[in-house]
Amino acid sequence: MKLSLWTISAILSAAAPAVAANQMSLQWHQLAYYVEGHKLTVTADGTTPFEGKCLSVDYDGLIFENPNGPVPVKLARSKVQNIQISDIGGRQMTRLVQRDGKALNYGRKAIFSPAAPLGLVVTPAVAVHFLISTPFCLIGDLFATLEPGLEIRVVDKTLTVN
């Protein structure tokens, strides 16, 4: 019992680092990898912050999901100076469910088709994969939610043509 409590306390103490947010300086063409699909808070000098989920990075601005309608909102490149990302990681369990769910559905359908031998192999293999991977995904999500946010400073705001 002492060993398991010690192990749990070691994991939790390692999972809670006391550090400030990570800071980076990036050029415009490097932003897509870091910001697409994340909730952002974008600020420029002296302006009110703009918050939303970034759908994509265009050559002349950031395209955000519009909560009020189907048409996305575009924030001009000149208005983007600092970007703060608060929802980094923490999606391992969701990805596992999405991917294994599709494979499990395929195996279930295959059982009642001419490909029954394939379904009889795929279904238990996917179920075992899910059961073995679940604890690791949960621990990964725990570590990711304790990670500090990311601050990005855009260094080149001018449009250049090579």
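The values are calculated or read from the model by the stated rules, or taken from the named source; none is laboratory data. In this text, all values refer to a predicted model and were calculated from it rather than measured experimentally. Cβ coordinates were reconstructed from backbone atoms using ideal geometry, including for glycine residues, and neighbour counts include every protein chain displayed.
Quick look at the values:
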{"quantity": "So residue 71, is it closer than 30 Å to residue 31 by Cβ and modelled with pLDDT of 90 or more", "calculated": "yes"}
{"quantity": "Residue satisfying condition, being within 30 Å of residue 25 (Cβ to Cβ) and at pLDDT 90 or above, within set 58, 141", "calculated": "58"}
{"quantity": "Of all residues in the range 43-52 being of a type outside the set (D, E, K, R) and over 18 Å from the mean Cα position of the chain (by Cα), the one that is farthest from residue 67 (Cα to Cα)", "calculated": "46"}
{"quantity": "Residue, farthest from the chain's Cα centre (by Cα), within the range 83-127, restricted to residues that are crowded, with 16+ Cβ neighbours inside 10 Å and polar (S, T, N, Q)", "calculated": "123"}
{"quantity": "Restricting the range 64-82 to residues that are surrounded by fewer than 17 Cβ atoms within 10 Å (Cβ to Cβ) and among the hydrophobic types (A, V, I, L, M, F, W, C), the residue that is nearest to residue 156 (Cα to Cα)", "calculated": "76"}
{"quantity": "Matching residues in the range 33-63 - criterion: being assigned to a loop (DSSP other than H, G, I, E, B), of a type outside the set (Gly, Ala, Ser) and surrounded by 13 or more Cβ atoms within 10 Å (Cβ to Cβ)", "calculated": "36, 38"}
{"quantity": "Within the range 53-79, tally of residues that are among the polar types (S, T, N, Q) and under 21 Å from the mean Cα position of the chain (by Cα)", "calculated": "2"}
